[in-house]
1. Of the residues ALA171, ALA167, ALA150, which is hydrophobic (A, V, I, L, M, F, W, C), surrounded by fewer than 21 Cβ atoms within 10 Å (Cβ to Cβ) and over 22 Å from PRO7 (Cβ atoms)?
2. Would you mind stating whether LEU88 is touching a helix residue (DSSP H, G or I) at 6+ places or on another chain (Cβ under 6 Å), open to solvent by less than 50 Å² (accessible area, probe 1.4 Å) and outside any loop (DSSP other than H, G, I, E, B)?
3. Name the single residue, out of those in region 109-147 being open to solvent by 30 Å² or more (accessible area, probe 1.4 Å) and in a helix (DSSP H, G or I), that is modelled with the lowest pLDDT.
4. Quick check, is GLY13 of a type outside the set (A, V, I, L, M) and assigned to a loop (DSSP other than H, G, I, E, B)?
5. Which condition from (1) within 21 Å of SER193 (Cβ to Cβ); (2) surrounded by 20 or more Cβ atoms within 10 Å (Cβ to Cβ); (3) within 18 Å of the chain's Cα centre (by Cα) is the one that THR155 breaks?
6. Being touching a Phe, Trp or Tyr at 6+ places or on another chain (Cβ under 8 Å) and open to solvent by 10 Å² or more (accessible area, probe 1.4 Å) narrows it down to one of PRO60, PRO98, so name that one.
7. Look through ALA112, ALA124 and report the one residue that is hydrophobic (A, V, I, L, M, F, W, C) and under 19 Å from GLY48 (Cβ atoms).
8. Might you check whether a residue that is open to solvent by 20 Å² or more (accessible area, probe 1.4 Å), touching a residue at least 12 places away in the same chain (Cβ under 8 Å) and either small (Gly, Ala, Ser) or closer than 18 Å to GLY189 by Cα (or both) occurs anywhere in region 37-55?
Amino acid sequence: MTDDARPVWVFGGGGVAGIAWEVGILTGLADEGVTVAPEAVLIGTSSGAVVGAQLASGTPLADLFERQRGGLAHETSPAPGLLHLLRLARAQLFARSPEQAARRLGRLALAARIDDPSRQRRTAEARLPNHAWPDDVDLRIVVVDTGTGASRTITRHDGVPMVDAVAASCAMPISAAPVSIGDRRYMDGGMRSTLNLDLAPGNGPVIALAPSTAAIGPWARIDKQRAALGTGRRVELLLRDPASKRAQGTTVMDRSVVPALVAAAREQGRREAPRVAAALAETTPGREARG
């Protein structure tokens, strides 16, 4: 198989609930024999960066599932308040490009007074079973530069600690301190797009898990990003089903909903398995599974 034809798994952002939902979906898919092949490209944004790194660590999905079902004492981030959300929305108003919107958000991120700036990295450490980049997995983590507004995709080849990359990708403006990498400071990759579907490389099938469909601007809409991949490419988009929405409730940062949500998502993953398997089988029959 050529590199261009490799399958791509895209994991989107969605807070603590997003991690639980994506782990549940992957577990349900695996129950039906649909798993992530070793040669696949993994692209993670925000909470999706956590899931991508957890999956790439080689930790069995059953263990990741049990971690979610058992509760998450390390998840202490409160839900963003209405004023917080209004400030983020105002910063994006009338922005003409993702970089312009992100620069405004970056100014908010840099100006925010965070009581415990190191909490973001400690949380990332607690979320990841292993802290080293895997040598045999093409994991890509999306972050956004607070100064330029440009997105950056970090891989194991960049010499950046994986914990720092994941922490940066989850650093939502105002809620968390930006993360320093080299001489730059980075924030949540979701400040470009909650999914970043259009970053999927090559021409192989794409499986995208989107716990959130929120769009920062027109460039971040999932339908627009899907169109950027071309009409001839197989893309399967998985969204929360009604049962997962009910289990999650109204906030993405409530850790108390995680056990019920991961269980509901597992059932959804089992139901989604046939269409995901069909997409992967188009160009990758008989591959060894992962997970």
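The values are calculated or read from the model by the stated rules, or taken from the named source; none is laboratory data. Only a predicted model underlies this, so the values are computations on that prediction, with no experimental measurement involved. Quick reminder, even Gly has a Cβ in these numbers, built from the backbone with ideal geometry, and neighbours come from all protein chains shown. With ligands, DNA and RNA removed, areas are computed over all heavy atoms of the protein, side chains included. Shrake-Rupley method; radii C 1.70, N 1.55, O 1.52, S 1.80 Å.
1. Values: ALA171 fails: surrounded by fewer than 21 Cβ atoms within 10 Å (Cβ to Cβ); ALA167 fails: surrounded by fewer than 21 Cβ atoms within 10 Å (Cβ to Cβ).
Matching residue, one of ALA171, ALA167, ALA150: ALA150.
2. Values: touching a helix residue (DSSP H, G or I) at 6+ places or on another chain (Cβ under 6 Å): no; open to solvent by less than 50 Å² (accessible area, probe 1.4 Å): yes; outside any loop (DSSP other than H, G, I, E, B): yes.
Judged against the criteria, LEU88 is not a match.
3. Checked region 109-147; the qualifying residue modelled with the lowest pLDDT is ARG119.
4. Numbers: of a type outside the set (A, V, I, L, M): yes; assigned to a loop (DSSP other than H, G, I, E, B): yes.
It is true that GLY13 is of a type outside the set (A, V, I, L, M) and assigned to a loop (DSSP other than H, G, I, E, B).
5. Among (1) within 21 Å of SER193 (Cβ to Cβ); (2) surrounded by 20 or more Cβ atoms within 10 Å (Cβ to Cβ); (3) within 18 Å of the chain's Cα centre (by Cα), THR155 violates only (2).
6. Details: PRO60 fails: touching a Phe, Trp or Tyr at 6+ places or on another chain (Cβ under 8 Å).
Sole residue among the options that is touching a Phe, Trp or Tyr at 6+ places or on another chain (Cβ under 8 Å) and open to solvent by 10 Å² or more (accessible area, probe 1.4 Å): PRO98.
7. Values: ALA112 fails: under 19 Å from GLY48 (Cβ atoms).
Unique residue meeting the criteria: ALA124.
8. At the first step, the residues of region 37-55 found to be open to solvent by 20 Å² or more (accessible area, probe 1.4 Å) are 38-39.
Filter once more, so that each one left must be touching a residue at least 12 places away in the same chain (Cβ under 8 Å): 38-39.
If we keep only those that are either small (Gly, Ala, Ser) or closer than 18 Å to GLY189 by Cα (or both) as well, we get none.
No - not one qualifying residue is present in region 37-55.
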